[in-house]
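Presented below is the structure to which this report refers.
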Amino acid sequence: MNWDAIGAIGEIVGALAVILTLYYLSTQIRHASKQLDVQSAEKRMRGFDAIDESFRDFRALIISDPEVATVWEKAKSNFSDLEGVDRTRAQALFRNYFAIIQNTYIRAAEMDWYYLEDSATPDIWFKALLEDIIHEKGTRDWWSKNQGFYGMSKEFQATINRIIESCDGET
């Protein structure tokens, strides 16, 4: 055997080693990509679970205490008429409710609105989320007086204000 043949065999072995290495790396990259997809889906689900839990806790507070439920109903219909302890409770209830909505907004934005259909927008989705209280006079009154407080972001405030404006044109 001459040195040219040994060199050719060495080149073939080297080329096979490169091909096998590239194949190994591609399978590792595919595996890592699948793992990232799974982790991302799990993170989204944990986020949605946390949001759902926040809404459940809020509703449980109202459901479990008739006095709180009465204050909530009065606050939604006419916040300005409330005084004393009822006004303080209503203030806290609205604050908690809009904090949950803002947390939902932040989590959804962090996920680049992943769950929205192509035809949907964040405003449409949040309008549906707020539908049960956004038409109420007391809710709007509270929002107009308090939207700049409690660390609510300007972007979130603008979204809620757009939703309120869009509801104004509805019958």
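What to note about this one:
- Condition met for residue 60 (out of contact with any Leu (no Cβ under 9 Å at 6 or more places or on another chain), of a type in the set (Gly, Ala, Ser) and either without any contact (Cβ under 8 Å) to a residue 24 or more places away in the chain or crowded, with 19+ Cβ neighbours inside 10 Å (or both)): yes
- The single condition among (1) surrounded by 12 or more Cβ atoms within 10 Å (Cβ to Cβ); (2) under 28 Å from residue 145 (Cα atoms) that residue 44 does not meet is (2).
- Being modelled with pLDDT of 90 or more, part of a helix (DSSP H, G or I), of a type outside the set (A, V, I, L, M) and closer than 29 Å to residue 132 by Cα is a property that residue 89 has.
- Any hit, the stretch 32-50, residues being of a type in the set (A, V, I, L, M, F, W, C) and closer than 23 Å to residue 152 by Cα: yes
- Listed here are the helices (runs of 4 or more DSSP H) enclosed by the stretch 112-171 that have at least 3 residues being closer than 30 Å to residue 42 by Cα, modelled with pLDDT of 85 or more and of a type in the set (Gly, Ala, Ser), and there are none.
- Test result for residue 59, basic (Lys, Arg), more than 16 Å from residue 133 (Cβ to Cβ) and assigned to a helix (DSSP H, G or I): no
- In the stretch 66-83, the residues that are surrounded by 13 or more Cβ atoms within 10 Å (Cβ to Cβ) and not in a helix (DSSP H, G or I): 82
- Residue 101 part of a helix (DSSP H, G or I), closer than 17 Å to residue 133 by Cβ and of a type in the set (A, V, I, L, M, F, W, C): yes
- Hey, residue 61 under 21 Å from residue 159 (Cα atoms) and within 26 Å of the chain's Cα centre (by Cα) or not: no
- The set of residues from the stretch 64-73 being under 27 Å from the mean Cα position of the chain (by Cα) and under 20 Å from residue 140 (Cβ atoms) comprises 72, 73.
- The set of residues in the stretch 74-90 being out of contact with any Gly (no Cβ under 9 Å at 6 or more places or on another chain) and either more than 17 Å from residue 142 (Cβ to Cβ) or of a type outside the set (A, V, I, L, M, F, W, C) (or both) consists of 83, 84, 86, 87, 88, 89.
The values are calculated or read from the model by the stated rules, or taken from the named source; none is laboratory data. The structure displayed is predicted, hence computed values, not measured ones. Every residue, glycine among them, receives a Cβ derived from its backbone with ideal geometry; neighbour counts consider all protein chains shown.
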